[in-house]
Structure formats: C-alpha cells, structure tokens
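The next block holds one structure in the form of structure tokens; read it before the comments.
The values are calculated or read from the model by the stated rules, or taken from the named source; none is laboratory data. Please read these numbers as outputs of a predicted model, since none were measured by experiment. A quick note on method: Cβ atoms are made from the backbone with ideal geometry, for glycine too, and the neighbour counts reach across all protein chains shown. Quick note on the areas: whole protein, heavy atoms, side chains included, nothing else; ligands and nucleic acids left out. Shrake-Rupley method; radii C 1.70, N 1.55, O 1.52, S 1.80 Å.
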Amino acid sequence: MSVQHPIVTVTGSSGAGTSFVKRAVEAIFARESLNVAIIEGDSFHKYSRVDMRAKVAESKENGGPVLTHFSEYANEFQKLEELFKTYKETGTGQRRYYIHSDEEADEHNARLGTDLVPGEFTPWEDLPEGTDILFYEGLHGMVKRMDHGPEEGKYDVAQHVDLGIGVAPVVNIEWMQKIYRDTSERPYSVGQVRDVIMERMDDYIEYIVPQFHRTHVNFQRIPLVDTSDPFLNPD
C-alpha cells in the first residue's frame, strides 16, 4: 500500500451491502485515528435525477439499450480516475456530493449556502488538507476499460487502488436488499424495482461483475433466510 496517499475502495452492486462494509472499514480507520477523505460513488454519476430520467426515457424511445447507472455512459469514470491519480501523487483532489434525501439537502445547503434539492449535485470542492487515506464506496471503485474508442474514452480506475474490497452476495440476497431499501427508504414499488433490476442486467454483467477479479479481497454473503423468491410481495 502507498506510504503517503493510499486509496481503499469498497465496490459492489446496488443492494449488495457495500454501506455495511463501509461502516466496518470506517470503524477501523477511527480506531487507528486516521483522517479520511470519503468519496461517494454516486457523486460521479453524470446526470442529476431529473436528467437521468429523461435520458432513460430517451434510450427507451430510441429502441436501443436502456441507459442505467451501472453504465460508463451514465458516469464520469475519467474524472474518478483523475481524482485517484491526483490523490496518489499529491494527496489532493476534488469531490462533490449527490444529494439523496431532504436531510442531506438541508445539511449541504446550510454548509454551502445553496438551494439544492434531492437528486442534484453539490459544487465540486477541494478535498480537506492533510488526509491520511482516500476511501471510496460505490458501484465503480475498480472499473477498467482500455479496449475501445479514442484515448479519452478509455479509463483504468483500478490501477490506482491500493486495497480493493468487493461485496458480492448470492444474487437473490442482493435483489432482496435492494427491493427492501428502495421500497422502504425510497418511493418505489416492488414491481418498479424489479423492472430496474432487469433493465440493468446487461450493464451489471458488463461493468459490475468484472471488477471482482481486480479486487484484492471479496466478501460473498451467504443467505440465512429463504431467498428463493426475492420478488415476493408479502401483501
């Protein structure tokens, strides 16, 4: 691991349990009294919530592949790689936040003097000075693609990571956790979440799964409950 500016990532699909692993790793950092620069994967999405809905609708109308948050076309992978590279070299860089909730909007608006709403991004800001480590949690901490397009279309985020942790549960657990989160914490029905899972399947295979052979350690979560029908609606 880099002596001066190490980078640790926790990577997994939506609903895989990366937030749970993130909290465990953060507890280790706190125990070691480390000053950590936290990077949220959602902050490197390309589009706001409103714009993403429009882009998804446009992709469906055009009859091509449905645009999803797993895809390189909906994310700023080059900017993520630039952040990792800059941090490794200098311990500096820029981040922003994607606002998920009213509570987060209130927090950032008070801090920044802005009037942002859920689904929008905060402005880019410099990382705090003097951090000991950069810690990323999200969908794409180990992405890499060097086999297509012009130079500006290629990216290799994984090359800059000192410790990559993958979270890859048995797939039905992943789906169950996503359904539970999106129906209890977000305004979606089971049917709507199921449709999103199906729309993302090609991009899941293309962008998410290959990261797990670049990680340094993977946690594969095994069910302790019946996961035979993850789409079961108890109602």
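Brief remarks on what is shown
- Filter result for T90 (of a type in the set (S, T, Y), in contact (Cβ under 8 Å) with a residue 40 or more places away in the chain and buried (at least 17 other Cβ atoms within 10 Å of the Cβ)): no
- Within region 1-33, the set of residues being more than 16 Å from the chain's Cα centre (by Cα), surrounded by fewer than 16 Cβ atoms within 10 Å (Cβ to Cβ) and either basic (K, R) or not in a loop (DSSP other than H, G, I, E, B) (or both) comprises A24, A27, I28, A30, R31.
- When region 121-136 is filtered for residues that are outside any loop (DSSP other than H, G, I, E, B), open to solvent by less than 30 Å² (accessible area, probe 1.4 Å) and not hydroxyl-bearing (S, T, Y), the ones remaining, listed by number, are I133, L134, F135.
- Neighbours by Cβ (under 8 Å, 6+ apart or cross-chain): first from region 189-214, closer than 16 Å to G138 by Cα; second part of a helix (DSSP H, G or I) and open to solvent by less than 60 Å² (accessible area, probe 1.4 Å): Y207/E72; Q211/A158; R214/A158
The rows are residues; the columns are (1) in contact (Cβ under 8 Å) with a residue 60 or more places away in the chain; (2) over 30 Å from N35 (Cα atoms); (3) in a helix (DSSP H, G or I); (4) open to solvent by 60 Å² or more (accessible area, probe 1.4 Å).
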site	(1), (2), (3), (4)
V50	yes, yes, yes, yes
S59	no, yes, yes, no
V66	yes, yes, no, no
Q78	yes, no, yes, yes
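- Members of region 93-105 that are touching a residue at least 24 places away in the same chain (Cβ under 8 Å) and either open to solvent by 70 Å² or more (accessible area, probe 1.4 Å) or assigned to a loop (DSSP other than H, G, I, E, B) (or both): G93, Q94, R96, Y97, H100
- Residues located in region 106-120, provided they are part of a loop (DSSP other than H, G, I, E, B) and either of a type outside the set (G, A, S) or over 21 Å from the mean Cα position of the chain (by Cα) (or both): G113, T114, D115, L116, V117, P118, E120
- Filtering region 210-235 to residues that are in a helix (DSSP H, G or I) and either exposed (fewer than 14 other Cβ atoms within 10 Å of the Cβ) or over 18 Å from the mean Cα position of the chain (by Cα) (or both) leaves only H213.
- Each residue in region 177-197 was checked for being touching a helix residue (DSSP H, G or I) at 6+ places or on another chain (Cβ under 7 Å) and open to solvent by less than 50 Å² (accessible area, probe 1.4 Å), and 6 of them qualify.
- Residues in region 74-110 that are at pLDDT 95 or above and of a type in the set (S, T, Y): T86, Y87, T90, T92, Y97, Y98.
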